[in-house]
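Let me begin by presenting the structure, written as structure tokens, before commenting on it.
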Amino acid sequence: MWNFTLSSNPGTMNVAYDLWLHGKSTADWQDRPTDEVMIWLNRQGGAGPLGTKYGSASLGGAMWDIYRGDTGWKVYSFVRRANTTGATLNLDGFTQALVRRKLLSNDKGVSGIESGSEVFKGSGRLDTTAYSVDIG
């Protein structure tokens, strides 16, 4: 669950979850990831994800466009078609959507979950009012 507010003129940016995946279950901070899954809840000022559009999916009560790119590891971005400032999501549903499309193998381990903003241009403010992640 994540609820947040943005300043009225946040510039060019996104607000997203970032999941880091590895091919081994004991990944450490110095291990390079094999895959990254971004879940964009909000984007402003024309911000767009890395890569090219691959398809779309309906997850967590919303429609998402899926992008596929590479920065030395594979990056999959789910970009919500309608911005939101709050969501309660099953993040495993996003990785499983990639498994079903044969973009991600089912043996990858999540080594980290981050959330925040990427500012491409300008300045603004992101205030988180509620946040929790359950791993089970």
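The values are calculated or read from the model by the stated rules, or taken from the named source; none is laboratory data. Because the structure is predicted, anything quoted here is derived from the model rather than measured. Cβ placement follows ideal geometry from the backbone for every residue including glycine, while neighbour counts extend to all protein chains displayed. Note: accessible area is taken over every heavy atom of the protein model, side chains too, but ligands, DNA and RNA are not part of it. Shrake-Rupley method; radii C 1.70, N 1.55, O 1.52, S 1.80 Å.
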Restricting the range 1-16 to residues that are among the hydroxyl-bearing types (Ser, Thr, Tyr) and assigned to a loop (DSSP other than H, G, I, E, B), the residue that is most open to solvent (accessible area, probe 1.4 Å)
Ser8
I'd like the full set of residues that are out of contact with any Leu (no Cβ under 7 Å at 6 or more places or on another chain) and among the polar types (S, T, N, Q), limited to the range 95-110.
Gln96, Ser105, Asn106
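Out of the residues in the range 123-136 meeting the condition of being in a loop (DSSP other than H, G, I, E, B) and exposed (fewer than 13 other Cβ atoms within 10 Å of the Cβ), tell me which one is farthest from the chain's Cα centre (by Cα).
Taking the range 123-136 and keeping what is in a loop (DSSP other than H, G, I, E, B), we get 123-125, 132-136.
Remaining after also requiring exposed (fewer than 13 other Cβ atoms within 10 Å of the Cβ): 123, 125, 132-136.
Working: Ser123: 21, Arg125: 19, Ser132: 15, Val133: 14, Asp134: 16, Ile135: 16, Gly136: 19 Å.
Filtering first and then ranking leaves Ser123.
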Given (1) over 12 Å from the mean Cα position of the chain (by Cα); (2) in contact (Cβ under 8 Å) with a residue 24 or more places away in the chain, index of the condition Phe78 fails
(1)
Answer yes if at least one residue in the range 60-71 is hydroxyl-bearing (Ser, Thr, Tyr), under 18 Å from Glu114 (Cβ atoms), without any contact (Cβ under 8 Å) to a residue 60 or more places away in the chain and open to solvent by 60 Å² or more (accessible area, probe 1.4 Å), and no otherwise.
yes
Qualifying positions in the range 91-114 - surrounded by fewer than 17 Cβ atoms within 10 Å (Cβ to Cβ), under 18 Å from Ser132 (Cβ atoms) and touching a residue at least 40 places away in the same chain (Cβ under 8 Å):
Gly112, Ile113, Glu114
Mind listing whichever residues of the range 6-52 are touching a Lys or Arg at 6+ places or on another chain (Cβ under 8 Å) and free of Cβ contacts under 8 Å to residues at least 24 places away in the same chain?
Thr52
